[in-house]
Amino acid sequence: MNITIRRLEQGDLAALLEIYNHYVRETPVTFDIEPRTLEQRQAWLDGFASTGRYQCFVAVKEGRAVGWAGSHPYKDRAAYDTTVMSSVYLAPDATRQGLGRRLYDTLFDALAGEDIHRIFVGITLPNEASVRLHRAFGFEPVGIYKEVGRKFGRFWDVATYLRPFGG
Ligand SMILES: CC(C)(COP(=O)(O)OP(=O)(O)OC[C@H]1O[C@@H](n2cnc3c(N)ncnc32)[C@H](O)[C@@H]1OP(=O)(O)O)[C@@H](O)C(=O)NCCC(=O)NCCS
């Protein structure tokens, strides 16, 4: 199967919104409960650049974006700037093919040399694929926030991980 990884482009917006909203509607992976709009997703897309701490890469199959990995601000207070959050999402039919690894490889290569000291991720449990992927990339467990989110009528735990990065 011919799948390429490249930088996020404006034309990917609708396909990526559809993938994200699938996980909003069907899973606790994200704690958004209402599907996002194109306008909201545009603001998300506008937060990325081709240099600096916040970058995003897309997996493309037969011209269609089937997933992404990106880095985002962790918190808005300035001392936190050297910590970024990462996220990685694939369309359900694009999982288990090593694309998570390819996307993260590309993202973290691109971020090398940027002024980043830690990368944070929060994983709603259970999510074996995400835990394995992040452990494989050097994310170390920090702890579990017990029952911090309520979705589908129950509370969910979030495992937090940090990856040392750069200097
Ligand atoms: C999490 C996700 C990005 C992983 O990407 P992926 O391309 O499916 O995973 P890969 O094929 O690169 O495999 C990564 C590891 O997870 C394992 N894995 C993949 N899918 C799995 C599954 N459904 N159950 C258990 N393990 C799984 C692989 O065997 C591999 O393990 P290894 O490192 O021990 O060999 C992808 O499954 C996904 O998009 N899930 C839905 C959205 C999501 O949960 N995003 C993360 C939010 S924190």
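The values are calculated or read from the model by the stated rules, or taken from the named source; none is laboratory data. This structure is a prediction, so every number in the text was calculated from the model and none was measured. Quick reminder, even Gly has a Cβ in these numbers, built from the backbone with ideal geometry, and neighbours come from all protein chains shown.
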Study note, to complete from the structure: Of (1) part of a helix (DSSP H, G or I); (2) among the aliphatic types (A, V, I, L, M); (3) in contact with a strand residue (DSSP E or B) (Cβ under 7 Å, 6 or more places away or on another chain); (4) under 19 Å from ILE123 (Cβ atoms), LEU16 satisfies every one except (4)
Practice item. Within the range 126-151, count every residue that is surrounded by fewer than 16 Cβ atoms within 10 Å (Cβ to Cβ), of a type in the set (A, V, I, L, M) and within 17 Å of TYR89 (Cα to Cα). Key: 2
Exercise for review: Return a yes/no flag: does the range 127-135 have any residue that is within 9 Å of the ligand (Cβ to nearest atom), over 15 Å from the mean Cα position of the chain (by Cα) and either under 28 Å from ALA15 (Cβ atoms) or in a helix (DSSP H, G or I) (or both).
Suggested key: yes
Check your understanding: Cβ-Cβ below 8 Å, separation at least six or inter-chain, first residue in the range 116-135 and in contact (Cβ under 8 Å) with a residue 24 or more places away in the chain and over 16 Å from GLY70 (Cβ atoms), second near the ligand (Cβ under 6 Å from one of its atoms) and among the charged types (D, E, K, R): which pairs?
Key -> ALA129/ARG96
**Study point:** Criterion (acidic (Asp, Glu), surrounded by 13 or more Cβ atoms within 10 Å (Cβ to Cβ) and under 27 Å from ASP157 (Cβ atoms)) met by exactly one of ASP12, ASP32
**Key:** ASP32
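Yes/no matrix, rows are residues, columns are (1) among the charged types (D, E, K, R); (2) within 13 Å of the ligand (Cβ to nearest atom); (3) surrounded by 14 or more Cβ atoms within 10 Å (Cβ to Cβ); (4) outside any strand (DSSP E or B):
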residue: TRP44; (1), (2), (3), (4): no, no, yes, yes
residue: SER87; (1), (2), (3), (4): no, yes, yes, no
residue: ASP93; (1), (2), (3), (4): yes, yes, no, yes
residue: ARG102; (1), (2), (3), (4): yes, yes, yes, yes
residue: ASP109; (1), (2), (3), (4): yes, no, no, yes
Review point. Do we find that GLY138 is part of a helix (DSSP H, G or I), within 18 Å of the chain's Cα centre (by Cα) and of a type in the set (Gly, Ala, Ser) in this structure?
Key: no
Check your understanding: Within the range 13-66, can you find the residues that are touching a Cys at 6+ places or on another chain (Cβ under 8 Å) and modelled with pLDDT under 95?
Key -> none
Check your understanding: Got a number for residues in the range 10-67 being closer than 26 Å to GLU114 by Cα and of a type in the set (S, T, N, Q)?
Key -> 5
Study note, to complete from the structure: When the range 54-85 is checked residue by residue, the ones that are away from the ligand (no atom under 15 Å from the Cβ) and either small (Gly, Ala, Ser) or outside any strand (DSSP E or B) (or both) are TYR54, GLN55, GLU62, GLY63, LYS75, ASP76, ARG77, ALA78, ALA79, TYR80, ASP81, THR82
Review point. Taking the condition farther than 25 Å from PHE137 by Cα, without any contact (Cβ under 8 Å) to a residue 24 or more places away in the chain and within 11 Å of the ligand (Cβ to nearest atom), does GLU39 pass?
Key: no
